[in-house]
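Here it is, the structure, as structure tokens.
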Amino acid sequence: MKLKLLFSCLLSAGISAQLFAQETVDPAIVQKIREEGLNHSKVMETAFYLTDVSGPRLAGSPGLKRAQNWAVEQLKTWGVANAKLESWGKFGKGWEVQKNYAAITVPYYHAIIAIPKAWTPGTGGLIKGDVMVVKADSAAELEKYKGKLAGKIVIFDTKPLTERTFKSDAARYTDDELDKMEKATMAPARQRNAFDPNSPQFVAMRKQRAFRASLGTFLQAEKVALVLSQARGTDGTVFTTNGASYADTAKAVAPELETSSEDFQRILRLVNAGKPVQLEADIKTQFFTDDLQGYDVVGEIPGTDKKLKDQVVMIGGHLDSWHAGTGATDNAAGSAVMLEAMRILKAIGFKPKRTIRIALWSSEEQGLFGSRGYVLNHFGDPKTMELKPEQAKLSAYYNLDNGTGKIRGIYLQGDSAAGPIFKSYLEPFKDLGATTVTISNTGGTDHQSFDAVGIPGFQFIQDAIDYGSRTHHSNQDTFDRLVEDDLKQAATIIASFVYNTSQRAEMIPRKELPKPQPARGF
């Protein structure tokens, strides 16, 4: 009995050791990756070209095209194969700001902080006019302003933003926070409620949308000179949005500036107190309609194993940004890191078993369009779950899109079978602060396009720094906000993940195939 038990224990230990050995990383390769990534990094040079040199990278803009073309040429320089721009489908109009000046002139001179809303027109030269407050919550209430707004600079009666907290913006995950993420359990899948177009929620949403549309049409018809809206943000930070559609068939709207909360409230206080306020502005924007297609940057390190070279490991991040800054943390950081991971693997002379592919997406900010289009073209349609042969050959997709902060671990997106594998991949990087594997998911970025068709898609856990509070979609999102050591760390870890995934005997385990997810409208 004891002998039988001992034999069973030894057998179990042998199997466990065999399984463990399959996931044990090659320390010599890891050391090569660390040496190249941490001591010979080019990630900040890459980030410089994607931000300062290329400029803002709004979807379809000349700045995005500059960054895309540079990335393709840089991949070629590093010896990456098949580097090119690949169309994913129709996007719409490109747009950029070419001049932006606005200032109070009465009761005194003060240049204001304000950013043109994306896809809005310019002023057609220097304009000067009185500021007029509009107070309306419905189309009916707009009627009282009919015939009174021509040539006026319009401001809405909007409440101030929340009070100052005096808390530091920058933050890293604490050990306790990471421990809670590690111990998280899989939440039960939420059932989608039956779509009820007459529910109070959807009725209110339709009403609000209808008012916004009627407001834009009304202001355009009244020939207002300029609209000022209060931006989200404090301390001179302006979080930008779009003020019109990028569709080539979109209707014209009035020029609109998203104004810092401090300047907006100063103007509003003066006008509401009966003090005349005049403002001058010279806004020039340009639309681009010569090419309405959207493009992704792609490139490969071809696989060398006869049996595995047709299988693929993908990495990526979105290259497009908003227009107020140069999109450094969102998401030149992620794009630079993924480019650097490819450079590291080429620099150490790595010959992968599986093909390694990078993709830098466009139009992520408008709804993950670049990655969704790529997935639809290559892997399948999540609405019908009609899959293409390539879907079965993609081992995993790794994404980076949560700012400049260093990697602290990885979200499993509910793929529990991948957990032990990724634990072993992170083991050599404990000294760099990357240890956490959580069953949870983070949403709103391109790994979800892959997960939607049953491909293992993952986003890394990153320290927040001041991403959500200061840089995300704002005029503060510039090269100066990047943390060099964090980007080096991220590129090194991702290069190691890619190495291990490409060499693994089996592909990364998959979850159950999702059910078709037809689009839901209201």
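Any read-out appearing in this document is the output of simple, stated calculations on the displayed coordinates, not a laboratory observation. All figures in this text were calculated on a predicted structure; none of them were measured in a lab. Every residue, glycine among them, receives a Cβ derived from its backbone with ideal geometry; neighbour counts consider all protein chains shown.
What angle, in degrees between 0 and 90 and rounded to the nearest 10, separates the Cα long axis of helix 27-39 from the longest principal axis of the Cα atoms of the chain?
Long axis of 27-39 versus the principal axis of the chain: about 30 degrees.
Report Rg (one decimal) and Dmax (nearest whole number) for the chain, counting Cα atoms only, units Å.
For the chain, the Cα-based Rg and Dmax read 25.9, 99 Å.
Net charge around Gln278, counting only other residues with Cβ within less than 15 Å of its Cβ (Lys, Arg = +1; Asp, Glu = -1)?
Within the 15 Å Cβ shell, the charges total 0.
If the viscosity is 1.567 mPa s and the temperature 4 °C, what Stokes-Einstein diffusion coefficient in µm²/s follows for the range 339-416 when Rh is the Kirkwood radius over Cα pairs?
86
List the pairs from Lys135/Lys284; Lys42/Lys423; Lys180/Lys383 whose alpha-carbon separation is above 30 Å, in the order I gave them.
Lys180/Lys383
What's the longest uninterrupted piece of the chain once you rule out the GluC sites (Glu not before Pro) that are loop residues per DSSP with at most 10 other Cβ within 10 Å?
So the longest stretch without any such site is 164-505.
In the range 55-159, which chymotrypsin sites (Phe, Trp or Tyr not before Pro) fall in coil by DSSP and have 15 or fewer other Cβ atoms within 10 Å?
Of the chymotrypsin sites (Phe, Trp or Tyr not before Pro), the ones in loops of the range 55-159 whose Cβ has at most 15 other Cβ atoms within 10 Å are Tyr108, Tyr109.
Could you compute the FRET efficiency for Tyr109 and Thr158, with r as their C-beta to C-beta distance and R0 at 25 Å, rounded to 0.05?
Once rounded, the FRET efficiency stands at 0.55.
May I pose another question? Once both axes come from the Cα atoms, what is the angle between helix 369-378 and the longest principal axis of the chain, in degrees from 0 to 90, rounded to 10?
Helix 369-378 sits at roughly 40 degrees to that axis.
At 4 °C and 1.567 mPa s, grab the translational diffusion coefficient of the range 276-415 from Stokes-Einstein with a Kirkwood Rh over Cα pairs, rounded to a whole number in µm² per second.
Once the numbers are plugged in, D ends up at 74 µm²/s.
If you scale each eigenvalue of the Cα gyration tensor by 5 and take the root, what three semi-axes come out for the range 428-522, rounded to whole angstrom and sorted largest first?
Semi-axes, largest first: 27, 24, 11 Å.
Sticking with this one: Among the DSSP beta bridges whose two residues both lie in the chain, what percent are antiparallel, rounded to the nearest 5?
So the antiparallel bridges in the chain amount to around 55 percent.
Pulled fully out, how much extra length does the chain show between Asp480 and Lys351, if you take 0.36 nm times their separation in residues and subtract their Cα-Cα distance?
Using 0.36 nm per residue and subtracting the Cα-Cα distance, I get 42.9 nm.
Sticking with this one: With +1 on each Lys and Arg Cβ and -1 on each Asp and Glu Cβ, how big is the dipole of the chain about its Cα centre, in debye rounded to the nearest 20?
1040
Determine the dipole magnitude for the range 88-154: charges of +1 sit on the beta-carbon of Lys and Arg, -1 on that of Asp and Glu, nothing else is charged, the reference point is the Cα centre, and the result goes in debye to the nearest 20.
Computed about the Cα centre, the dipole is about 160 debye.
Tell me which of Ala210, Ala171, Ser371 sits at the most positive position along the dipole axis of the chain, charges placed on C-beta atoms (Lys, Arg +1; Asp, Glu -1).
Ala210
Which angle from 0 to 90°, rounded to the nearest 10, does the C-alpha axis of helix 261-272 make with the longest principal axis of the chain?
So the helix axis and the longest Cα principal axis differ by about 20 degrees.
Assuming 0.36 nm per residue, please report the length gained on full extension of the stretch Arg510 to Ala136 beyond their Cα-Cα distance.
That pair, Arg510 and Ala136, stretches by 129.4 nm at full extension.
Now a separate question. Looking at the square roots a ≥ b ≥ c of the eigenvalues of the Cα gyration tensor of the range 23-94, which shape do they give, rounded for a/c under 1.5, prolate if a/b is larger than b/c, or oblate?
Judged from the Cα gyration tensor, the range 23-94 comes out prolate (a/c at least 1.5, a/b above b/c).
Another question, if that's okay. In terms of the ratio Rg/(2.2 N^0.38 Å) built on C-alpha atoms, what value belongs to the range 63-115?
Expressed relative to 2.2 N^0.38 Å, the Cα Rg reads 2.01.
Sticking with this structure for a sec: Would you list Arg266, Arg504, Arg209 from fewest to most Cβ contacts within 10 Å?
Ranking Arg266, Arg504, Arg209 by Cβ neighbours within 10 Å, fewest first, gives Arg209, Arg266, Arg504.
Normalised by the empirical 2.2 N^0.38 Å for globular proteins, what value does the Cα Rg of the range 221-342 take?
1.63
Hey, which of these cross-link pairs are over 18 Å Cα-Cα: Lys388/Lys515; Lys346/Lys406; Lys144/Lys207?
Listed pairs above 18 Å: Lys346/Lys406; Lys144/Lys207.
Given the C-alpha centroids of the range 39-69 and the range 455-522, what is the distance between them in whole angstrom?
18
Contour minus end-to-end for Lys383 and Met186, with contour as 0.36 nm per residue of separation and end-to-end as the Cα-Cα distance?
Answer, rounded to one decimal: 68.5 nm.
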